[in-house]
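Below you'll find the structure, written out as structure tokens, and then a few comments.
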């Protein structure tokens, strides 16, 4: 259990700035995820915590101990690697024992702890195996056991599931979260998979261009994205250009009330596809737009519908009922959206959330 | 921030609550910085210093000791030297073209058709590759020389053979010696071409021959040209072949050697000027090839590998004849050498019966020469192995401009002929405090620096296959960088290191062109003795020594085949 603090961390490679003044406060025992597209700086940040990249400026603290200028092998943070990094010349148990040997843990205790952790990650029967005899999922369990057995204060995970197939990914994800809760270990997790981030985390930090865009709970990230990047990167979203005037917003001729206190001018409104319904709505609470169907794609649980509302392209996820599934491109439809489901953003490159 | 408690581990934290700082984590890089500095120092002393010496002496007037361009003017204008320059380029280009004409078809047949006994073909090619070229030269004299078996046999029928001496012989020897480079490189490239390219060409209406010349050959051009350039550079640097089979045919390496021995005691300005010209030619060839390659980069996708076709009918027979003819001719010197070594001799004269008298002479007269060869080669290999493990780590894992520089410097020995390197060593280590002339150390060192790049190349290639995360995992678990390298990376590298060591051993024990300039009576090695025995007409003795060399090389090849996944691929 340890609180992790990052203060004003900077890192650049020549002209390229990988991290711009990152400051984070990660609560003890929490599962903290760095989410972002490739090149956003999330892996650089994780590797800076591990000590594999040395930051240009800024501090890294575990509890109140600065570890920012300790060599990597003295940081006492466990790490799980994307490509497993299981030592190919050592058996499963020797892999797991590696860190304990390094810490000169007595043989008796070492054996006990290795056996214990292998049981926990369900590899007890494979202790004597060599890595090449294991599947990818099993290798990553070795990686996890190896990092956990040294009882680090902080566990770092660098896209640990990205090399596994979809089914295994969901299964191992559940196991990782379970183990993290059981051990109560502060975990920093890197992923580019937003579903994974939402599913597994206490807190998510969305990164882009070396900047932490928003740090919040998964629900807040999804429902109250701090800016347009977060709004469109996490989950899909409809973006609508609007004009604000006199407490109202106008979209393609239709008007809806705007939250109080917003200045007049251009704005971007977002609404999630699952909040867009087929058919006209109650004019008092809902905005109704008329348009034509661009495509209707049945994807199982839902029907994805592309609608062109006078030049505005909207995506809707609607229940796959008979009349909806039968829609053909070119058919006229009406779609409605509740006023309360809109978010308002500045009309700039990466506009901030206004309300 | 209140008082802090150290983490409950056995590794004590060095400090607590340090202010955030810009200081890089010391310790993380300490060990490797030390190794780096050491590697650079070794290269500075053994490579840069001798070559600078060579470069400087080329501008010294041997009479006045003043600065002059006269040496170069003389070498580049005097007919004697210009003739040698022309000859060198002639045999270099000849050897290169010959190697391609033999190597490319062989590679195509073996890669694309089910040739019976493929492993026999590749093994013979590798054995030809590892046998020293001067053995080829004198074996061909025994076969096709004025007194050769074939020449004599044909003379019985009244057929006069054209002379093997001079250009044809040299080009023949180079072709049969260096085609395996082209063959092995091209074959592996042909195997890794995506089948879809040729299928697409066929689909677009391209016939088999046009497909080969317009699609396949351009795709494997990088491999073909790498092999060809290697054949060219080694051909122009080779000393033993033109010295033995050239008669009065002068190349730059033979006149550099002669000039150096003639200038002995004085300033070897002319020898050095010739040396620099040789370096320039090799360098130009390598740069030219790199320039062409830089325009051709193909991303390889290994999804659809090509299939091998069955060989039937007259065409199949023809292909088999060609393949076996090539490798048998390439292996002929080895057979000749072995056969000659078991002929009984009386002094230099063959008695006509079989016997082990040649080996007896080696045993009685030259035990120290055999001992020297093995101990020098072994010493060089140990040094090469250790140094290349460290250097390849730096080159592969630490991408700074300095490690890039180290990588480029290691290209240099490839293009510096052995004779030139030897002259540099003789000029550099000839005065106190480091007077090494006539010592074993200078022989070991010259072999070390000449073969170091090959060792680095083989360890680098295995290191590139080891993911850096493996080592990071060890560091993350608490192992200091040096320990992580030794406990995790080195054990994984072992097979590659052993393969590299075997290859270094082969080249080290067969080294002639540099050691010939640096040896004294006490430090003579087998290749040197073979060379002088051939010049003295002691073919039996030369054959016995050559057989010992071939057998040791063969054992190394066997070990490489056992350890290396790609077998013959390890040799190029």
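The values are calculated or read from the model by the stated rules, or taken from the named source; none is laboratory data. Remember, predicted model here, so these are calculated numbers, not experimental data. For neighbour counting, all protein chains shown are included, and Cβ atoms are generated from backbone atoms with ideal geometry for every residue, glycine included.
Inspection of region A:62-70 identifies no residue that is in contact with a strand residue (DSSP E or B) (Cβ under 6 Å, 6 or more places away or on another chain), closer than 27 Å to residue B:463 by Cβ and either at pLDDT below 90 or more than 7 Å from chain B (Cβ to nearest Cβ) (or both). Hey, does region B:478-499 have a residue that's outside any loop (DSSP other than H, G, I, E, B) and away from chain A (no Cβ under 14 Å)? For region B:478-499, residues outside any loop (DSSP other than H, G, I, E, B) and away from chain A (no Cβ under 14 Å): present.
Every residue in region A:110-138 that is free of Cβ contacts under 8 Å to residues at least 12 places away in the same chain and within 30 Å of the chain's Cα centre (by Cα), please. Scanning region A:110-138 gives A:119, A:135. Residue check: is residue A:262 under 16 Å from residue A:340 (Cβ atoms), within 31 Å of the chain's Cα centre (by Cα) and assigned to a loop (DSSP other than H, G, I, E, B)? In short, yes.
Of the residues A:53, A:73, the single one that is modelled with pLDDT under 90 and farther than 27 Å from residue A:137 by Cα is A:53.
Would you check if there is a residue in region B:51-63 being loosely packed, with under 12 Cβ neighbours inside 10 Å, at pLDDT below 85 and more than 14 Å from every other protein chain (Cβ to nearest Cβ)? Yes, region B:51-63 contains a residue that is loosely packed, with under 12 Cβ neighbours inside 10 Å, at pLDDT below 85 and more than 14 Å from every other protein chain (Cβ to nearest Cβ). So which residues in region A:45-61 are more than 7 Å from chain B (Cβ to nearest Cβ), within 16 Å of residue A:7 (Cβ to Cβ) and not in a strand (DSSP E or B), if there are any at all? Matches in region A:45-61: A:45, A:48, A:49, A:55. I'd like the full set of residues that are assigned to a strand (DSSP E or B) and either at positive phi or touching a helix residue (DSSP H, G or I) at 6+ places or on another chain (Cβ under 7 Å) (or both), limited to region A:1-29. Of everything in region A:1-29, those that are assigned to a strand (DSSP E or B) and either at positive phi or touching a helix residue (DSSP H, G or I) at 6+ places or on another chain (Cβ under 7 Å) (or both) turn out to be A:8, A:9, A:11, A:18, A:19, A:21, A:22.
Looking only at residues in region A:71-85 that are touching a helix residue (DSSP H, G or I) at 6+ places or on another chain (Cβ under 9 Å) and outside any loop (DSSP other than H, G, I, E, B), which one is farthest from the other protein chains (Cβ to nearest Cβ)? Among those residues, the one meeting the criterion is A:80.
This table checks each residue for (1) closer than 30 Å to residue B:312 by Cβ; (2) within 18 Å of the chain's Cα centre (by Cα); (3) surrounded by 22 or more Cβ atoms within 10 Å (Cβ to Cβ).
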{"site": "B:95", "(1), (2), (3)": "no, yes, yes"}
{"site": "B:108", "(1), (2), (3)": "yes, no, no"}
{"site": "B:112", "(1), (2), (3)": "yes, no, no"}
{"site": "B:160", "(1), (2), (3)": "no, no, no"}
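Number of residues in region B:473-500 that are surrounded by fewer than 22 Cβ atoms within 10 Å (Cβ to Cβ) and more than 32 Å from the chain's Cα centre (by Cα): the value is 3.
Within region A:1-29, can you find the residues that are within 28 Å of residue B:399 (Cα to Cα) and away from every other protein chain (no Cβ under 14 Å)? Of everything in region A:1-29, those that are within 28 Å of residue B:399 (Cα to Cα) and away from every other protein chain (no Cβ under 14 Å) turn out to be A:15, A:16, A:17, A:18, A:20. Inspection of region B:442-463 identifies no residue that is assigned to a loop (DSSP other than H, G, I, E, B) and at pLDDT 85 or above. Take residue B:513 and tell me if it is at pLDDT below 85 and surrounded by 22 or more Cβ atoms within 10 Å (Cβ to Cβ). It is true that residue B:513 is at pLDDT below 85 and surrounded by 22 or more Cβ atoms within 10 Å (Cβ to Cβ).
Evaluate the following for residue B:419: is it under 30 Å from residue A:84 (Cβ atoms) and either under 17 Å from the mean Cα position of the chain (by Cα) or crowded, with 18+ Cβ neighbours inside 10 Å (or both)? No. It is to be established whether one or more residues within region A:30-43 are within 23 Å of residue B:471 (Cα to Cα), at pLDDT below 95, within 14 Å of chain B (Cβ to nearest Cβ) and not in a strand (DSSP E or B). Yes. Residue check: is residue A:170 in a helix (DSSP H, G or I), farther than 20 Å from residue A:41 by Cα, out of contact with any strand residue (DSSP E or B) (no Cβ under 9 Å at 6 or more places or on another chain) and within 14 Å of chain B (Cβ to nearest Cβ)? So residue A:170 does not fit the description; no. Only residues that are more than 7 Å from chain B (Cβ to nearest Cβ) and in contact (Cβ under 8 Å) with a residue 12 or more places away in the chain: list them for region A:91-109, please. The answer is A:91, A:92, A:93, A:95, A:96, A:97, A:100. For region B:458-470, the criterion of being touching a strand residue (DSSP E or B) at 6+ places or on another chain (Cβ under 6 Å), facing chain A (nearest Cβ under 7 Å) and within 22 Å of residue A:145 (Cα to Cα) is met by none of the residues. May I ask you to verify whether residue A:201 is surrounded by fewer than 19 Cβ atoms within 10 Å (Cβ to Cβ) and touching a strand residue (DSSP E or B) at 6+ places or on another chain (Cβ under 9 Å)? Taking the combined requirement at face value, the residue does not satisfy it. Taken together, A:88, A:131 contain a single residue that is at the interface with chain B (Cβ under 8 Å from one of its Cβ atoms), surrounded by fewer than 24 Cβ atoms within 10 Å (Cβ to Cβ), out of contact with any strand residue (DSSP E or B) (no Cβ under 8 Å at 6 or more places or on another chain) and at pLDDT below 95, which is A:88. One residue alone among B:382, B:327, B:337 is closer than 30 Å to residue B:36 by Cα and touching a helix residue (DSSP H, G or I) at 6+ places or on another chain (Cβ under 9 Å), and that residue is B:382. Can you tell me which residue is surrounded by the most Cβ atoms within 10 Å (Cβ to Cβ) among those in region A:134-161 that are assigned to a helix (DSSP H, G or I) and within 11 Å of chain B (Cβ to nearest Cβ)? Here the answer is A:146.
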